[in-house]
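The values are calculated or read from the model by the stated rules, or taken from the named source; none is laboratory data. Note that this is a predicted model, so its numbers are computed, not measured. So basically every Cβ, Gly included, is an ideal-geometry build from the backbone, and we count neighbours across all protein chains shown. To get the accessible areas, we keep the full protein, side chains included, count just its heavy atoms, and leave off ligands, DNA and RNA. Shrake-Rupley method; radii C 1.70, N 1.55, O 1.52, S 1.80 Å.
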Amino acid sequence: MEHYDVVVIGSGAGGGTMGAALAQRGMKVAILEASDHMPDSLAGRSEQDMILHKAAAPDPIHFNGEQVRPLLGALVGGSTGLYGAALLRPSPSDWDLEPFYGKYQAKELIQWPWPLEDLSAYLEKAEDLFRVAGHHHMTMPFLSSRQSPYTHQAMPLAPFNRDLMDKFNYQGLKPFHMPIAVDSNVCVRCAQCPGFVCPADARASSYNRAIQPQLKQGGLTLLPGHRVLKLDYRGRQITKVELIYKGRIRSIAADAFVLAAGAIYTPYILQSSQIPDPHDLVGRYYMFHLGVVCLSISREVYPGSSTFHKQIALSDFYQGFTDFKHKLGLVQNIPITGPRTIASKSPVPLPPFLSRWLYRHTMATAMVVEDLPVASNRVRWTKRGLDISHRFHPYDLYRGHEAGQRLKKLMKRVLPKSWHVVRMGALENAHLAHQVGTCRMGRDPRYSVVDPMGRHHQLDNLFIADGSVLPTSLGVGPALTIIANALRTADQLRKDA
Ligand SMILES: Cc1cc2nc3c(=O)[nH]c(=O)nc-3n(C[C@H](O)[C@H](O)[C@H](O)COP(=O)(O)OP(=O)(O)OC[C@H]3O[C@@H](n4cnc5c(N)ncnc54)[C@H](O)[C@@H]3O)c2cc1C
Ligand code: SF4
């Protein structure tokens, strides 16, 4: 049987970063990835192929009883192969949640086991590794920011985004140029950026920024198409993984194992392997943000429908509004996925010309609303496959609804000639991309699956290094925090070896 120092399961934000970091420190590492490379990045340009058919999740998922195939990133690099690459640092208030949620949730469930400062150095390493481009002197209200300048300069704002920035400024807000891991020298400015494979290799993924360079350096083996079925254990040790490759079952042994299959598949693997779970925690507290979207439809063609446009963010409302002091999250401009997706999501049948028209005339502004960890929100392994039950906490819905109305009011002032409609995007089942929280990290095994360093409470040589360990969902996208935490867990594993 093949044997490695470390076997990492999953090549996404957490797994790809951690596998490469361990190999860089001299360990013999294999990354087992269920999916393959996209055969041809141009195939990833087709909305039909990408979003509607492949839907980029390895298998159908039952979400509240309905079969869905959410866009999760089933390719080498995981979700970082498709994501928006907006790599923002969290806010100190994401770590200090009692004043906001103390009334609604037990304090053990809204606590991080270490202070945000412990992550600072790793956040900077993660930004440098993924070549995040940004402006040093940007004011990002409520968010933590780096001490040193970004190593890469932000892509210049498209003219319509400069205009939008001015309009937000005129409203007395502090919009900023979003820190984003896109190489502006190589980017060909496509309109369909997040959700599609990058044709120019301009957008940073765990594959092109962490795995690929380390494959050249040595010590790392990437095994695409290797889908882990279960972990075998004896006493407090994982002994091997069982996987399927091209229809054949194989086993691989290692001294240590890192589970990084994402917050949906990691608990699934633990459950199907019957790993001890004495407090019935694995898969619980699933979070993915309540997304609130304001669609602004105008007679004029929106230039963002023909070029890269996810460039502007607002964090002014991160902790609410002056007369609505509730924790919310980041606002950013996001692309509309495409005419076919518009038609497929429309509550009424749309003729193709109308969905094409809407695509070219609609601008979307989205707010992330941090969602609370709730025990009954759960990923479960069942005989029919992967099953998710999820209901937002009433307090999430209350904040989301209010945030939507206020976002709409703001956009009416900013774009008075457009027609505005608000949707709570996350109520659509396919929006599961910011998946976190199903194998929480913490000191107390009664409330957490892994310890503060990412080590499983019941198994000494098993670490988890993906979004599942995040105890709360943050008011920004989770990718940078996941990458930074993976680097932190890699340091710990290396020290222990
Ligand atoms: C369209 C889209 C846009 C996004 N935009 C942003 C953004 O702008 N900013 C941000 O912060 N976040 C964004 N996100 C979210 C971000 O990409 C994820 O939070 C992050 O990548 C999650 O990292 P992870 O390591 O937990 O899982 P992933 O990156 O999803 O990696 C998990 C990997 O495990 C593999 N795997 C699963 N099961 C198995 C198995 N049995 N055996 C082997 N391998 C397995 C999967 O194929 C996958 O490659 C976006 C996500 C999507 C899909
Ligand atoms: S807009 Fe740039 S970063 Fe995005 S997919 Fe196109 S080339 Fe890649």
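Which residues, counting only those in segment 85-110, are over 19 Å from L328 (Cβ atoms) and buried (at least 19 other Cβ atoms within 10 Å of the Cβ)? Talk me through it step by step, then tell me what you get.
Going residue by residue through segment 85-110, those that are over 19 Å from L328 (Cβ atoms) are 85, 87, 106-109.
A85, L87, L109 - these are the residues of segment 85-110 that are over 19 Å from L328 (Cβ atoms) and buried (at least 19 other Cβ atoms within 10 Å of the Cβ).
Hey, among the residues in segment 405-456 that are at pLDDT 95 or above, over 21 Å from I269 (Cα atoms) and in contact with a Cys (Cβ under 7 Å, 6 or more places away or on another chain), which one's surrounded by the fewest Cβ atoms within 10 Å (Cβ to Cβ)?
Out of the qualifying residues, it is K408.
So which residues in segment 199-211 are near ligand 2 (Cβ under 8 Å from one of its atoms), under 15 Å from L87 (Cβ atoms) and either open to solvent by 30 Å² or more (accessible area, probe 1.4 Å) or touching a residue at least 40 places away in the same chain (Cβ under 8 Å) (or both)?
R203
Quick one: is A366 out of contact with any helix residue (DSSP H, G or I) (no Cβ under 8 Å at 6 or more places or on another chain), touching a residue at least 24 places away in the same chain (Cβ under 8 Å) and within 23 Å of K417 (Cα to Cα)?
no
Just the residues that are on the phi > 0 side of the Ramachandran plot and under 11 Å from the mean Cα position of the chain (by Cα), please, taken from segment 62-95.
Residues satisfying the conditions are G73, G78, A85.
Which of the numbered conditions does Y245 fail, given that it passes all the others? Conditions: (1) without any contact (Cβ under 8 Å) to a residue 24 or more places away in the chain; (2) within 16 Å of ligand 2 (Cβ to nearest atom); (3) open to solvent by 10 Å² or more (accessible area, probe 1.4 Å).
Only one criterion is unmet by Y245, namely (2).
Starting from segment 179-196, keep only residues that are closer than 28 Å to T139 by Cα, then list their pairs with residues that are of a type in the set (D, E) and within 8 Å of ligand 2 (Cβ to nearest atom) whose Cβ atoms are within a distance under 8 Å, requiring at least 6 positions of separation or different chains.
V186/D201
Looking for whichever is under 27 Å from G12 (Cβ atoms) and within 16 Å of ligand 2 (Cβ to nearest atom) here; the options are I312, I252, I264, I269. Which one fits?
Working: I252 fails: within 16 Å of ligand 2 (Cβ to nearest atom); I264 fails: within 16 Å of ligand 2 (Cβ to nearest atom); I269 fails: within 16 Å of ligand 2 (Cβ to nearest atom).
Result of the check over I312, I252, I264, I269: I312.
Got a number for residues in segment 162-194 being of a type outside the set (A, V, I, L, M), within 16 Å of ligand 1 (Cβ to nearest atom) and out of contact with any Pro (no Cβ under 8 Å at 6 or more places or on another chain)?
The number of residues fulfilling the criteria is 5.
For residues in segment 139-164 being away from ligand 2 (no atom under 16 Å from the Cβ) and open to solvent by less than 30 Å² (accessible area, probe 1.4 Å), which is nearest to G320 (Cα to Cα)?
Ranking the candidates gives P141 first.
Which condition does V186 not pass, out of (1) crowded, with 21+ Cβ neighbours inside 10 Å; (2) more than 23 Å from the chain's Cα centre (by Cα); (3) within 16 Å of ligand 2 (Cβ to nearest atom), if it passes all the others?
Of (1) crowded, with 21+ Cβ neighbours inside 10 Å; (2) more than 23 Å from the chain's Cα centre (by Cα); (3) within 16 Å of ligand 2 (Cβ to nearest atom), only one is false for V186: (1).
Whether any residue in segment 270-284 is of a type in the set (A, V, I, L, M), open to solvent by 10 Å² or more (accessible area, probe 1.4 Å) and more than 16 Å from ligand 1 (Cβ to nearest atom) is what I want to check.
Scanning segment 270-284, I find at least one residue that is of a type in the set (A, V, I, L, M), open to solvent by 10 Å² or more (accessible area, probe 1.4 Å) and more than 16 Å from ligand 1 (Cβ to nearest atom), so the answer is yes.
Out of all the residues in segment 321-333, which are in contact with a Lys or Arg (Cβ under 7 Å, 6 or more places away or on another chain), open to solvent by 10 Å² or more (accessible area, probe 1.4 Å) and either in a loop (DSSP other than H, G, I, E, B) or among the hydroxyl-bearing types (S, T, Y) (or both)?
Matches in segment 321-333: H326 only.
Inside segment 290-326, can you point out the residues that are in contact with a helix residue (DSSP H, G or I) (Cβ under 6 Å, 6 or more places away or on another chain) and either among the β-branched types (V, I, T) or within 19 Å of V436 (Cβ to Cβ) (or both)?
L290, G291, V292, V293, I297, V301, I312 - these are the residues of segment 290-326 that are in contact with a helix residue (DSSP H, G or I) (Cβ under 6 Å, 6 or more places away or on another chain) and either among the β-branched types (V, I, T) or within 19 Å of V436 (Cβ to Cβ) (or both).
Filter segment 196-207 down to residues that are assigned to a loop (DSSP other than H, G, I, E, B) and touching a helix residue (DSSP H, G or I) at 6+ places or on another chain (Cβ under 6 Å) and give me whichever is modelled with the highest pLDDT. Reasoning before the result, please.
We begin by selecting, within segment 196-207, every residue assigned to a loop (DSSP other than H, G, I, E, B); these are 196-202, 204-205.
Right, trim to touching a helix residue (DSSP H, G or I) at 6+ places or on another chain (Cβ under 6 Å) and you get 196-197, 201, 205.
Values: F196: 83, V197: 85, D201: 91, S205: 97.
Restricting to residues being assigned to a loop (DSSP other than H, G, I, E, B) and touching a helix residue (DSSP H, G or I) at 6+ places or on another chain (Cβ under 6 Å), the top hit is S205.
Kindly indicate the residue of segment 348-404 that is open to solvent by less than 60 Å² (accessible area, probe 1.4 Å) and of a type in the set (K, R) and also nearest to the chain's Cα centre (by Cα) among those meeting that condition.
This residue is R378.
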